[in-house]
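> Pasting in a structure now, in C-alpha cells, and then I'll have a few things to ask.
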Amino acid sequence: MSLWGRATTHWGPWAFHPTALVLRYQDEETDYAIDLRRCTTSAEVLDWIVQIESKAWGTPPVVGYLVAALCDLLNPQASLCSDGEAWEIDKDDLPSLVLANERGTRWFREHERRGERSKLDRYATEAPPA
C-alpha cells in the first residue's frame, strides 16, 4: 500500500488517494503528488497545471488527464471561477467537497448516459499504467 492509502479513482496515469486528498502521478521514473488541500483558488489550480506541463513527463495526455481529474474532483466551474469571477474554497470545506465529487464521478462512470460528461467515460475505463 502506498504512503497515501489505496487509490479509488484513476484518470489515465493519475490516481486519487482519498485518505490523503492527493492526486498521484506515477510511472517508471516519476512519482509526483498534488495535495488537493493546496487547490483552494483558481490560481493554485492553474499553477499545478502549468507546473505539470513544464515537466519533461508532462505530455499533452498527462496534462489532459490531470485537468479531467481536477475538474471531476474540484468542479472548478462551480466552485472556483464561475462566470470569470474568482472564488475560494474554504479549506475546512474542501475535503467534503472533493470526496462528494469523487463519489459522483464514480457513480457517473458506472451508469450509462449521454451528454457532456460521457466524453470522459472513454478515458475513465482505461487501465492505469502498470
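> Are any of the residues in the stretch 2-19 in contact with a Gly (Cβ under 6 Å, 6 or more places away or on another chain) and either surrounded by fewer than 18 Cβ atoms within 10 Å (Cβ to Cβ) or among the polar types (S, T, N, Q) (or both)?
So far as the stretch 2-19 goes, yes, one or more of its residues are in contact with a Gly (Cβ under 6 Å, 6 or more places away or on another chain) and either surrounded by fewer than 18 Cβ atoms within 10 Å (Cβ to Cβ) or among the polar types (S, T, N, Q) (or both).
> Now for a different question. Among the helices (runs of 4 or more DSSP H) contained in the stretch 1-98, which hold 1 or more residues that are of a type in the set (S, T, Y) and under 21 Å from R109 (Cα atoms)?
Passing ranges, in order: 60-74.
> Restricting to the stretch 4-37, give me the number of residues that are charged (D, E, K, R) and in contact (Cβ under 8 Å) with a residue 40 or more places away in the chain. Full working, then the answer.
From the stretch 4-37, those charged (D, E, K, R) are 6, 24, 27-29, 31, 35, 37; that's our starting set.
Still in the list and also in contact (Cβ under 8 Å) with a residue 40 or more places away in the chain: 27, 37.
Counting residues in the stretch 4-37 that are charged (D, E, K, R) and in contact (Cβ under 8 Å) with a residue 40 or more places away in the chain gives 2.
> Would you pick out the residues in the stretch 10-53 that are of a type in the set (G, A, S) and touching a helix residue (DSSP H, G or I) at 6+ places or on another chain (Cβ under 7 Å)?
G12, S42
> Continuing with the same structure: Identify all residues within the stretch 40-87 that are over 20 Å from R24 (Cα atoms) and surrounded by 16 or more Cβ atoms within 10 Å (Cβ to Cβ); write none if there are none.
Scanning the stretch 40-87 gives S79, L80, C81.
Every read-out reported here was derived from the displayed coordinates using simple, explicitly stated rules and does not represent laboratory data. These numbers come from a predicted model, not from an experiment. Note: ideal-geometry Cβ built from the backbone for every residue, glycine included; neighbour counts use all protein chains shown.
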